[in-house]
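Asker: Sharing a structure, written as structure tokens. Questions coming.
Just so it is clear, none of the values below were taken in a lab; they were calculated from the coordinates. What you are looking at is a predicted structure, and each value in this text was computed from that prediction instead of being measured. Note that each Cβ is placed from the backbone with ideal geometry, even for glycine, and that neighbours are counted across all protein chains shown.
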Amino acid sequence: MALPKTLDVTAIETKPAGVHVQAPSRLARWTDGTRIILKLLSILLPHSFHLLNLRLTAARHDRTYKAVPSPKNIVVIGGSFAGVKAAGWLANAVPTGYRVVLIEKNSHFNYWFAFPRYSVIKGYEEGAFIPYEDILAGPIKKGSLLRVQAEAADVTDKQVVLANGEAMEYEYLVIATGSSQPPPAKMKSLDREGAAGELRANQGRIAAAKRIAVIGSGAVGVEVASDIKGYFPDKAVTLFSSRDVVMPSFAPKLRTHVASRLEHLGVDLRYHARPRALEGGKAVQFPDGTTEEFDLVVSYRLSQWAHLIFAQLPCTGQSPNSGLIGSFLPEAISKQTGRILVKPNFQLKLADHAYQNIFALGDVAEHGGPRMARAVYVQAGIVRDNLLQMIKGGSPSKEYKPEIWMEGAIQLTVGKVCSAPRRGEVRELADSDRMNRSHTCLVRMARICCFLVLGGQMTLRLSMGGGW
Ligand SMILES: Cc1cc2nc3c(=O)[nH]c(=O)nc-3n(C[C@H](O)[C@H](O)[C@H](O)COP(=O)(O)OP(=O)(O)OC[C@H]3O[C@@H](n4cnc5c(N)ncnc54)[C@H](O)[C@@H]3O)c2cc1C
């Protein structure tokens with residue numbers, strides 16, 4: 001495998017044989033540590049003020065907001081990471097006479113991050129579907145937020161039309177419809193019972209298989225392969241990567257560390273391999289026509305995020321859910337990516353500057369930032385501020401400048417017993433099962449905190465435990 005001769009991460013005790021790990025000098029570690037702390041402070045301080053401001057605004061809103069019979073609607077379509085944050089923050093700040101309407105087709109908040117692990121292990125799947133009452137809990141004043149479980153089918157200049165034919169007038173519209181991915185990256189069922197059943201079916205396929213191939217070595221492929229091997233060490237797991245590394249869009253130090261962890265777990269890593277899953281999900285075929293048989297093939301084709309499918313399912317790719325705007329304003333859709341074109345303030349980017357009361361954010365929007373949860377939170381704050389400015393008669397002047405190093409951070413599991421170098425040691429967390437009992441298991445359990453495209457400039461600091 002193509003590991004560099006030296007690794008810049010701190011010594012990894014459990015390194016596989018043949019991998020030479022050279023610890024960085026004390027000065028290099030100190031310099032990197034200082035740079036990371038300064039960088040963190042430059043982001044966290046303004047962010048803390050922003051959160052404090054949100055709390056103060058919510059407290060004031062609680063005293064002053066009054067529900068009225070026919071309020072003007074700020075309609076948010078999509079109740080995942082982007083929509084929930086935008087809707088919650090807006091509902092805590094809208095003046096009397098306005099209310100936020102959150103339209104989401106799923107009955108529960110789908111915690112996608114847990115899906116790879118819950119496709120492998122039994123018993124926790126219900127926890128990946130969180131009641132909206134819990135997600136939207138907090139000091140939201142009665143009457144300022146209405147949640148509607150429905151699919152938005154159409155958008156006009158004044159209305160959102162639901163699949164059941166009902167129409168909802170809007171004054172402002174926020175599109176947060178994200179992207180579609182085939183199961184098990186995302187489930188088909190809209191209710192908790194059905195979706196949890198889909199996860200259980202995946203678990204059953206994995207439990208029944210002895211030799212499993214995972215195609216695609218992005219974050220989700222890595223998580224699935226390492227969890228199968230971590231929870232079922234007797235199974236033979238092969239992870240195919242089309243490149244000479246795993247997780248190619250992440251920083252080199254992370255890639256090296258993850259590769260060594262996978263090898264340590266006993267995952268058979270195959271680089272420069274581009275097989276495709278054959279129908280039936282029991283064999284793969286390489287470009288030269290040769291085939292290899294497995295009991296189960298899990299195919300994860302790399303796009304920005306998960307395209308994880310069990311081979312018997314059709315491979316349709318990740319696609320932005322931009323159709324609502326696409327049929328209403330086709331010129332607002334990028335021809336290259338199919339995402340909604342937005343200005344840095346998240347208003348629609350149209351040549352004639354029309355429809356400036358429509359915003360789009362998150363994975364459905366073309367914003368230049370990472371397609372990840374933290375980025376989406378930052379964007380939701382900007383949409384909130386700009387929209388409130390417009391209500392007050394001001395101009396939406398806040399602009400998004402992606403902070404890739406922060407917004408591109410990922411929490412990643414590499415098997416049941418996760419390890420991460422910290423102060424020159426590897427700390428193993430043996431009891432991650434216990435932590436799985438919470439629906440936020442992936443947040444609370446050991447995780448590798450890594451940073452996207454650092455370009456190898458800084459020594460990767462990986463942390464585990466504690467609050468995220
Ligand atoms: C398996 C997996 C693991 C991931 N792990 C990480 C991770 O560790 N860290 C990280 O930062 N990011 C991770 N991501 C990426 C992250 O989840 C996305 O960046 C984030 O979900 C984007 O949020 P969003 O709200 O823009 O869109 P989405 O999460 O795609 O949500 C869109 C929402 O809109 C709803 N919707 C769509 N169309 C309609 C309609 N017409 N009517 C009503 N509702 C509609 C959908 O039901 C959905 O709830 C992961 C993604 C996946 C799939």
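Asker: Show me 67-76, 84-93 ranked by packing, highest mean number of other Cβ atoms within 10 Å first.
Answerer: 84-93, 67-76
Asker: Using a Cα-Cα cut-off of under 14 Å, which aspartates and glutamates could be cross-linked to residue 282, ignoring same-chain neighbours fewer than 8 residues away?
Answerer: Candidates past the 8-residue exclusion: 292, 293, 295.
Asker: Any of 105/335; 85/186; 253/335; 186/349; 186/416; 188/392 with alpha carbons more than 31 Å apart? Name them for me.
Answerer: 253/335; 188/392, as the Cα separations exceed 31 Å there.
Asker: When you count, for each residue, the other Cβ atoms within 10 Å and take the mean per peptide, how do 399-409, 240-250, 328-338 rank with the highest first?
Answerer: In descending order of packing, they fall as 240-250, 399-409, 328-338.
Asker: Using alpha carbon centroids, what distance separates the range 253-268 and the range 146-189, in Å?
Answerer: A separation of 41 Å, based on Cα centres.
Asker: Name the residues whose placed amide hydrogens come within less than 5 Å of the amide hydrogen of residue 214, ignoring near sequence neighbours (fewer than 5 apart) on the same chain.
Answerer: 238, 239, 240, 298
Asker: Now for a separate question. I need the phi-derived Karplus couplings for the range 401-407: 6.51 cos²θ - 1.76 cosθ + 1.60, θ = phi - 60°, integer Hz, Gly and Pro marked x.
Answerer: Calculated HN-Hα couplings, in order: 10, x, 9, 4, 5, 8, 6 Hz.
Asker: In 5 Å bins starting at zero, report the fraction of Cα pairs in the range 21-104 per bin as a rounded %.
Answerer: Spelled out per bin, shortest first, that is 3, 13, 14, 14, 13, 9, 7, 7, 6, 6, 4, 2, 1, 0.
Asker: Another question, then. Under 5 Å between amide H atoms, partner at least 5 residues away or on a different chain: which partners does residue 155 have, H built in plane at 1.01 Å?
Answerer: 161
Asker: Which of the aspartates and glutamates could a cross-linker bridge to residue 142, judged by Cα under 16 Å and excluding same-chain residues fewer than eight apart?
Answerer: Leaving aside aspartates and glutamates fewer than 8 places away in the same chain, those within reach of residue 142 are 62, 133, 134.
Asker: Near residue 341, within a Cβ-to-Cβ distance under 11 Å, what is the net charge of the other residues, with Lys and Arg +1 and Asp and Glu -1?
Answerer: +2
Asker: From the C-alpha coordinates alone, can you work out the Kirkwood hydrodynamic radius of the range 15-170, in Å?
Answerer: It works out to 19.3 Å.
Asker: Right, another one. Quick one: length gained pulling residue 279 to residue 327 fully straight, 0.36 nm per residue minus the C-alpha distance?
Answerer: 13.8 nm
Asker: Compute the Rg to Rh ratio over the range 93-159 from the alpha carbon atoms, using the Kirkwood formula for Rh, and round to two decimal places.
Answerer: Value, to two decimals: 1.09.
Asker: Quick one: Karplus J couplings for the range 122-131, per residue in order, coefficients 6.51, -1.76, 1.60, θ = phi - 60°, nearest Hz, x for Gly and Pro?
Answerer: So the J values, rounded to whole Hz, are 8, x, 10, 4, 4, x, 7, 10, 9, x.
Asker: Round to the nearest 0.05 the FRET efficiency obtained for residue 242 and residue 207 when R0 = 25 Å and r is the Cβ-Cβ distance.
Answerer: 0.35
Asker: Also: Out of residues 5 or more away from residue 365 or on other chains, whose amide H comes under 5 Å of its own, with H placed 1.01 Å from N in the peptide plane?
Answerer: 340
Asker: Modelled label-to-label distance, residue 159 and residue 67, 7 Å Cα→beta-carbon offset: nm?
Answerer: Here the answer is 2.5 nm between the modelled labels.
Asker: How large is ³J(HN,Hα), in whole Hz, for each residue of the range 344-359 in order, when computed from phi with the Karplus curve 6.51 cos²θ - 1.76 cosθ + 1.60 and θ = phi - 60°, using x for Gly and Pro?
Answerer: x, 9, 6, 6, 4, 9, 10, 4, 8, 6, 7, 6, 7, 8, 10, 10
Asker: Short version: what are the Cα gyration tensor semi-axes of the range 126-229, square root of 5 times each eigenvalue, largest first, in whole Å?
Answerer: Equivalent-ellipsoid dimensions as semi-axes: 36, 17, 14 Å.
Asker: Ok, one more. Once you keep just the Cα pairs under 8 angstrom separated by 6 or more residues, what percentage relative contact order results for the range 77-185?
Answerer: 35 percent
Asker: Per 5 Å bin from zero, what fraction in whole % of the C-alpha pairs of the range 333-411 is there, up to the bin with the longest pair?
Answerer: Taking every Cα pair in the range 333-411, the percentages come to 3, 17, 26, 24, 17, 9, 3, 1, 0.
Asker: On to the next question. Using +1 at the C-beta of Lys and Arg and -1 at the C-beta of Asp and Glu, which of 351, 338, 397 has the Cα lying farthest in the positive direction of the dipole of the range 310-401?
Answerer: 397
Asker: Measure off 7 Å from each Cα along the Cα-to-Cβ vector at residue 353 and residue 268, then give the distance between these two points in nanometres to one decimal.
Answerer: The two pseudo-label positions are separated by 6.2 nm.
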